[in-house]
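One structure is given below, encoded as structure tokens.
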Amino acid sequence: MAYCIKCGVKLENGAEECPLCHTKVNLPCDIHEQKEEPLFPVPMPQKGTGGFNKTSKGIVELILSLLIISEITVALTMWFSGNFSHGFIPLFSIMMAALILIMAFVAKHTYFVQASVHMGLAAVFLLGIDLYDRSATWSLIATGGLCLLWVLAVFPVSKTAHAHPIATAVKMGTVYLLYIVLINLVVKGNLTWFLPVALPTSAVLFCGVALFFVLYLTRKRTRIPLADLVFFCLIVLFFTFTALDLFLTHYWYGYWALRWSISLFSAAIILSILLSGVTVSRRLRRFFTSQNRHA
Amino acid sequence: MIKVQSYAPEGFIALDNSALIYPPTEAKFNANTFRVSVDLEQEIVPQVLELALQDTLQRCSYAKVSLHKGFFWYYLSPNDKPPVIHPEGSYPSARFNFKDNNGYLFRVLYSNHRIALECFHSLTDGSGALVYLKMIVQQYCHLAGIADFSFSGALDFSSKPSKQEFSDPFQHLYDKNLPGSPSTGSTYHRVGKGSYDDRVKVISAMLDGQALRKRAKERGATITEYLSSLLIWTLQEFQKQEVPVQKKRKPIRLSIPMNLRKIFHYDTMRNFTLFAVVGIEPALGEYTFDEILKKVRLELALSQDPKRNRSQIKRNVGGERHILMRFAPNIIKNPLFKLLSNSLGDDLYSAVISNLGYVQMPEELQDSLSRMDFYLCPGQLNKVALAVIGWKDKVVVNFTSFFNADTELERLFCTFLVEDGIPVEISTNRSNEV
């Protein structure tokens with residue numbers, strides 16, 4: 001039986017280290033101890049059990065209690081005032097509010113999980129209220145907007161998105177186009193302006209973004225100067241608005257012309273020349289950046 | 001529906017005053033369970049243990065109950081399902097799964113040489129559980145042909161249960177004319193290092209009883225006073241490191257369960273415990289071990305004053321009898337109990353140390369007994385708990401902890417004992433990981 005040289009306590013037979021200070025047990029070579037029967041026969045599981053702690057459980061139960069009480073109160077009030085047939089919206093709203101609050105405590109506290117859960121619940125809430133009269137109109141646009149927001153702002157932080165960036169970009173573009181199709185269908189009942197206006201404008205936008213990636217992400221220096229980034233965003237935006245103006249004019253008036261975007265188009269051309277210049281010529285770049293002062 | 005006792009109403013038995021808080025606050029990190037166990041030299045035969053348990057429940061029919069949620073309060077109701085015994089697990093005082101246990105509020109476990117009784121605190125307290133365990137062991141030894149004896153303090157199998165055994169003395173001792181004892185403020189809680197989860201990690205320190213008694217006696221203290229003072233001293237050392245500015249240091253207080261049966265002479269098998277709160281004010285300066293011991297001794301003596309205890313009982317039972325508490329439905333009370341139990345309970349002390357005292361062994365069992373243990377479940381705020389039990393010439397101090405790797409408190413505690421001349425033998429379930 002060994003003693004810990006640091007703590008002075010007697011250790012179990014066959015102990016490899018002191019459980020108090022983790023000092024290794026070094027027995028003389030000729031002494032071999034038989035391992036003692038462990039304090040508990042079953043090895044410790046690798047993880048603890050699941051479930052909520054006292055405070056989380058308390059908060060969830062309190063929300064549920066208040067939900068039950070408020071649902072009963074509202075239902076009775078509407079019953080006695082003869083408006084029970086209109087009770088769905090307040091009762092459904094209270095239930096969804098409680099669910100949203102509960103999920104804020106229960107769901108894992110990461111941006112991805114919380115944002116996903118709350119966007120999902122908000123979509124269900126909006127659809128539920130709109131579907132009350134058995135017709136979905138505005139809620140489809142709102143829910144679609146939430147889906148698009150999720151794909152653009154939440155999905156990119158996921159591990160899947162990081163593992164497959166090109167597939168993610170394609171998904172983002174597809175969902176964006178589907179959302180525009182949805183708006184067109186809900187508002188007009190048909191694909192009226194999608195094919196002649198939205199699709200080609202989007203194509204210009206996608207081409208601009210793709211060009212940015214091709215130009216900047218494939219070059220040797222991976223660090224993109226902030227000025228280049230800002231200029232490129234402006235160029236892509238200005239060209240997209242120009243395209244929108246062009247296709248919209250053709251859709252409405254039947255001829256090809258720019259009506260309100262000439263200034264944007266000019267600015268985009270000037271910025272493109274400037275950006276190409278500074279990209280190609282190091283001298284020009286140094287003239288516009290602080291690097292000339294450190295040369 | 002079966003009847004528990006002739007005097008008990010059918011199907012509905014109110015929880016005793018101190019049991020009320022446990023069902024609503026049961027959660028992860030708050031199992032509200034504890035365990036007493038006996039290790040014998042002989043191999044345990046599960047079938048015989050099952051019979052011994054049935055005989056014990058036949059005698060103590062008030063333990064054949066299950067917990068139910070009523071509209072206003074939780075309540076107990078007679079349980080006619082057969083009791084189940086379970087093989088020993090990897091750690092003590094885990095959360096109870098009542099369904100797996102046929103609804104019973106206790107769980108009997110066995111391993112090669114061990115008989116363990118784990119109780120949910122709504123059934124009984126440590127002293128009550130020890131009586132149940134003594135009866136199970138006594139009957140087991142009788143049926144297994146190991147020895148025939150009767151434990152001192154155990155109930156007589158041949159007698160009928162008395163009315164007092166399942167009475168709630170808190171209700172008898174309640175006096176509405178007394179002032180309620182004042183509450184204390186929040187205390188220091190050790191943060192600890194590293195991760196933690198709800199697996200209960202044990203470090204069991206087996207002390208030489210003679211040496212411990214001698215060292216405590218030299219300082220004019222009992223074993224409880226000595227060990228409590230040592231725990232306070234240990235916590236003081238941690239706070240000194242964590243809070244360098246003296247005046248910002250919070251009070252360190254311990255919660256020490258007191259067995260009121262000895263004070264009020266009741267033989268109840270339900271909860272009959274109050275908590276003595278003893279401690280120091282590190283903001284006033286550093287205390288030496290002897291200064292802490294002196295303070296603990298005085299405060300423990302004061303805590304055992306029956307008048308003071310009745311005032312505490314008045315506060316506790318008064319709360320239960322308050323009109324808002326009585327008529328508020330369970331769905332409101334439950335979450336509020338959960339949310340307020342930290343600020344009104346766990347936050348008022350820095351650690352728990354419970355001493356079940358010395359267990360007198362019958363002559364016939366002296367050779368068969370190899371070990372006795374007592375374990376508490378720790379909490380989320382105070383992640384280390386201490387349980388003490390004495391048998392033969394040994395005193396076992398069991399540290400139960402939620403920390404995965406932090407054993408600093410245990411190390412400081414045991415090193416002090418070794419330096420004070422008390423031999424300490426350590427065993428653990430920490431090294432027994434998958």
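Read-outs: derived from the displayed coordinates by stated rules, not from any lab. Only a predicted model underlies this, so the values are computations on that prediction, with no experimental measurement involved. Note that we place each Cβ from the backbone using ideal geometry, even for glycine, and neighbour counts take in every protein chain shown.
Karplus-based coupling profile of the stretch B:178-193, in residue order and whole Hz: 7, x, x, 6, x, 8, 9, x, 6, 10, 6, 10, 5, 6, x, 10, with θ = phi - 60° in 6.51 cos²θ - 1.76 cosθ + 1.60 and x standing for Gly or Pro.
Peptide A:56-69 has a mean shielding of 5, counted as Cβ atoms of other protein chains within 10 Å of each residue's Cβ. Protection proxy ranking for A:186-198, B:165-177, B:134-146, B:215-227, using the average of other Cβ atoms within 10 Å per residue and placing the highest first: B:134-146, B:215-227, B:165-177, A:186-198. Per residue, the average separation of C-alpha pairs within less than 8 Å and at least 6 apart gives the stretch A:193-295 a relative contact order of 27 percent. Relative intensity of chain A on a log10 scale, I(q)/I(0) at q = 0.10 Å⁻¹, equals -0.87, per a Debye sum over C-alpha point scatterers of equal strength in the absence of solvent. Other residues within the sphere of radius under 14 Å centred on the Cβ of residue B:304, judged by their own Cβ, net out at +3 (K and R +1, D and E -1). Which helices pass in chain B if a helix is a full DSSP H run, must span at least 24 angstrom along its long axis by Cα, and must have mean Kyte-Doolittle hydropathy not below -0.5? Once both thresholds are applied, what remains is B:126-144, B:223-242. When the charge dipole of the stretch A:193-295 is built from unit charges on Cβ atoms (+1 for Lys and Arg, -1 for Asp and Glu) and taken about the Cα centre, the candidate among A:262, A:235, A:278 whose Cα reaches farthest toward its positive end is A:278. By other beta-carbon atoms within 10 Å, ranking B:358, B:110 with the fewest at the front produces B:358, B:110.
Relative to the longest principal axis of the Cα atoms of chain A, helix A:111-130 runs at roughly 60 degrees.
Legend: mean number of C-beta atoms from other chains within 10 angstrom of residue C-beta atoms, peptide B:419-426, equals 4. Taking every DSSP helix (H) stretch of at least 4 residues in chain A, weighting each as -39,500 (n - 2.57) and dividing the sum by the residue count yields a mean residue ellipticity at 222 nm of -20000 deg cm²/dmol. Sorting B:119, A:233, B:60 by the number of Cβ atoms found within 10 Å of their own Cβ, with the fewest placed first, yields A:233, B:60, B:119.
Using only Cα atoms, tell me the angle between helix A:226-253 and the longest principal axis of chain A; keep it within 0 to 90° and round to the nearest 10. Compared with the principal axis, the helix lies near 50 degrees. Among the residues of A:31-43, the average count of other protein chain beta-carbon atoms within 10 Å of the residue beta-carbon is 5.
Cysteines in the protein assembly as shown that lack a partner Cβ within the 4.7 Å cut-off: A:21, A:29, A:147, A:207, A:233, B:60, B:119, B:141, B:377, B:414.
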